[in-house]
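Quick notes on the structure that follows.
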Amino acid sequence: QVQLVESGGGLVQTGGSLRLSCAASGRTFSSYAMGWFRQAPGKEREFVAAIIGSGGNPYYADSVKGRFTISRDYAKNTVALQMNSLKPVDTAVYYCAARSGSVAVTTPRRYDYWGQGTQVTVSS
């Protein structure tokens, strides 16, 4: 059983930064791959970034490469998404997800646990 809670969303201007955090419960955090997804109104949930259980091999959607960084802190059982150079198109509800197993995948249906989401709004 894994529970995920996102935090750190908010309203920022174009070019600004936000750092999202996902706190995970459970004692097997390191055995899960973690991902960040986002969903804008009227659109499908899309992949943003993922990281494997060991913390290596971060993977990003093309739309956020060079701007976002995913990382995990094993001591705190958290995974973070540092978002820089934000654009209005980044506006969405951001979700943290966990997948049993160490590999990182990009499809939402492959993830087993989800947080409630945190709103990120980027104004121009």
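The table below lists the values:
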| item | result |
| --- | --- |
| Residue in the range 93-119 that is farthest from GLN13 (Cα to Cα), counting only those that are surrounded by 22 or more Cβ atoms within 10 Å (Cβ to Cβ) and of a type in the set (A, V, I, L, M, F, W, C) | ALA98 |
| Total residues in the range 101-113, condition in contact with a Phe, Trp or Tyr (Cβ under 6 Å, 6 or more places away or on another chain) and farther than 20 Å from SER63 by Cα | 0 |
| Check on GLY42, on the phi > 0 side of the Ramachandran plot and surrounded by 13 or more Cβ atoms within 10 Å (Cβ to Cβ) | no |
| Failed item, numbered, when VAL89 is tested on (1) open to solvent by 50 Å² or more (accessible area, probe 1.4 Å); (2) without any contact (Cβ under 8 Å) to a residue 24 or more places away in the chain; (3) within 29 Å of SER124 (Cβ to Cβ) | (2) |
| Any chance ARG67 is modelled with pLDDT of 95 or more and either surrounded by 13 or more Cβ atoms within 10 Å (Cβ to Cβ) or touching a helix residue (DSSP H, G or I) at 6+ places or on another chain (Cβ under 6 Å) (or both) | yes |
| Cross-chain or 6+ apart pairs with Cβ under 7 Å, the range 67-82 first and on the phi > 0 side of the Ramachandran plot, then assigned to a strand (DSSP E or B) and open to solvent by 40 Å² or more (accessible area, probe 1.4 Å) | ASN77/ALA23 |
| Residue under evaluation TYR32, criteria (1) modelled with pLDDT under 95; (2) open to solvent by 50 Å² or more (accessible area, probe 1.4 Å), criterion not met | (2) |
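The values are calculated or read from the model by the stated rules, or taken from the named source; none is laboratory data. Since the structure is predicted, the reported quantities are computational estimates derived from the model, not experimental observations. Methodologically, a virtual Cβ is constructed for each residue, glycine included, from the backbone with ideal geometry; neighbour enumeration extends over all protein chains shown. Areas reflect the complete protein model, heavy atoms only, side chains present, ligands, DNA and RNA absent. Shrake-Rupley method; radii C 1.70, N 1.55, O 1.52, S 1.80 Å.
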